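K.L.:
Encoded as structure tokens, here's the structure I'll be asking about.
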Amino acid sequence: MAAQKNTPKRAKRAARTKKAARVTGAKEASAKKSKRVSALDAAARVLAEEAKPMSCGELIEAMAAKRYWSSPAGKTPASTLYSAILREMNTKGSAARFRKTERGKFACRETA
């Protein structure tokens, strides 16, 4: 039986399979590491623990004090959290983790 030629097409296919194996291995390794908690997850946790409506500024301070989440050098983390909460409320509707109690204040949906 004759040896197969190493054509460019075969070389590309081999490179793709090697790359796929590396990527899969990287995904498995990153899955083993603990994932960083998002600001939304931390805010939902704080609101569930506090059981009272809070503003985004208060949420950011409470999350930092409890070491659930800290801003990675962001200039306006409260504004970013506010937008993310509103986005979740708009997309998920009644299934959202948050509810708006008054202007600028949110509470946990489970406490309602």
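K.L.:
Kindly indicate whether any position in region 20-38 is part of a helix (DSSP H, G or I), at pLDDT 90 or above and within 29 Å of Glu110 (Cα to Cα).
P.N.:
No.
K.L.:
Next up: Could you grab the pairs with beta carbons closer than 6 Å, sequence gap of 6+ or different chains, first residue in region 39-63 and closer than 16 Å to Lys75 by Cα and touching a residue at least 40 places away in the same chain (Cβ under 8 Å), second one among the aromatic types (Phe, Trp, Tyr) and part of a helix (DSSP H, G or I)?
P.N.:
Cys56/Tyr82
K.L.:
Looking at (1) surrounded by 14 or more Cβ atoms within 10 Å (Cβ to Cβ); (2) assigned to a helix (DSSP H, G or I), can you tell me which one Ala107 breaks?
P.N.:
For Ala107, the exception is condition (2).
K.L.:
Looking only at region 41-65, filter to residues that are part of a helix (DSSP H, G or I) and of a type outside the set (A, V, I, L, M); which one of those is nearest to the chain's Cα centre (by Cα)?
P.N.:
Ranking the qualifying residues of region 41-65, first place goes to Asp41.
K.L.:
A follow-up question, please. Please specify each residue of region 51-67 satisfying the condition of being touching a helix residue (DSSP H, G or I) at 6+ places or on another chain (Cβ under 6 Å), surrounded by fewer than 18 Cβ atoms within 10 Å (Cβ to Cβ) and under 16 Å from Asp41 (Cβ atoms).
P.N.:
Listed by number, the list is empty, since nothing qualifies.
The values are calculated or read from the model by the stated rules, or taken from the named source; none is laboratory data. Fair warning: this is a prediction, and the values are worked out from it, not measured in the lab. We place every Cβ from the backbone using ideal geometry, glycine too, and count neighbours over all the protein chains shown.
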